[in-house]
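What follows is calculated from the coordinates using simple rules that are stated; it is not laboratory data. As the structure is a prediction and not an experimental result, all values here were calculated from the model. A quick note on method: Cβ atoms are made from the backbone with ideal geometry, for glycine too, and the neighbour counts reach across all protein chains shown.
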Ligand code: MEV
């Protein structure tokens, strides 16, 4: 085991790399070259990326894929997707094409409220705390007026502050539940700055409040932070068509629709299936969230919590057949931004937003929800018919060929061969072996 390193963050980029090479690669120049080969030759662009995070030593590429032909609310979109899983973009494109001549996707934003809490400890008289809160509430609002200035100009800001008694769940636990409108910004910094200022103001106001001095200890701020659970920032997307339009043959179409609905019912009943079902949805959601420079960890955490809102983790999508009409929908909470953060810094993010017609945050919520729904449609369509491996392995073939260091000519021959033959790792190895013999 090597010794702990001290002052790492203060070392130069080269010293950091040298330390890594010395410590983990016996000073191997090949290891250093791996890092260097991903540096951008444009030093300004490289510096921009280095500045995104502490201790950056290189860049980590992910493919930027394109899924065209998404008709959403009668407007055509070309959706950028950043994802390493080979079949995801193909699945999205197939689903887009499938729904293109069936009215496309529809989407609607229900609400865009974000929230954060100041979590308090308080063991005194409840009435005293509630009276105190009513007295200081206007001052709490005043305290963020400077921070809010720009956000207010754009029609956003702090909407409300509510004192909630949560002592029934945890002894002495109260919270200030604050709600915000952050317009087209994800707003994390804005919300957290507001919360910390409100918390400081609350503590200051406690000092001079007589009843606390007389009767009980004042409330103590434990922590203040936004919540990534945003069920009031909700979007819905759906597709629908007559069952008979799902497949050429009417009987096949009926069986397909019934199997499809059954698959969603199973995901609604069995957590083991629900998690994988929702993972497939997040393949689409995350890919667009990352491409547009948004925080996919926040989205993931919030969406999965929403999937458990009934107390049992369940499917995020619904499928029904009513009066011979097939309907498939998704409802998810999404706190997204199209201004601020990476959106104005990362050239690829700017490019992605341009592709999406420079959307507002609400429009982006709709696009992302559609990407999730499309992904789930493609997955279930494969699962209840051919299974996913056929398509998946076809897409994965290129990865196997790259592992085998196949030449372009070998790749071309392999792709042709596997149009009619089942792809597996061993079959690909065998094929290349024969070619080379
Ligand atoms: C794979 O990344 C996603 C699927 O497993 C989703 C699903 O099972 O619904 C295909």
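Quick notes
- Only DSSP H runs of four or more residues enter the estimate; each adds -39500 (n - 2.57), and after division by the residues of the chain the mean residue ellipticity at 222 nm equals -16000 deg cm²/dmol.
- With neighbours defined as other Cβ atoms within 10 Å of a residue's Cβ, the residues 342, 401, 226 order from fewest to most as 342, 401, 226.
- Fewest-first ordering of 54, 113, 232, 363 by other beta carbons within 10 Å of each residue's beta carbon gives 54, 232, 113, 363.
- Residue order for 50, 15, fewest other beta carbons within 10 angstrom first, comes to 15, 50.
- Gyration tensor (alpha-carbon) shape descriptor, the chain, a/c threshold 1.5: oblate
- Normalised convex hull volume, region 391-436, alpha-carbon set, Å³ per residue: 62 Å³
- Placing R0 at 35 angstrom, the Cβ-Cβ distance between residue 407 and residue 28 gives a FRET efficiency of 0.80 after rounding to 0.05.
- Compared with the dominant principal axis of the Cα atoms in the chain, helix 408-420 is inclined by about 90°.
- Residue 325/residue 399 FRET efficiency (R0 35 Å; Cβ-Cβ; nearest 0.05): 0.30
- On the principal axes of its alpha-carbon atoms, region 114-226 has extents of 44, 29, 17 Å, going from largest to smallest.
- Dimensions of region 331-437 from C-alpha coordinates, computed as largest minus smallest value along each principal axis and given longest first, are 57, 36, 17 Å.
- Reciprocal of mean inverse Cα separation for region 8-50 (Kirkwood radius, Å): 11.1 Å
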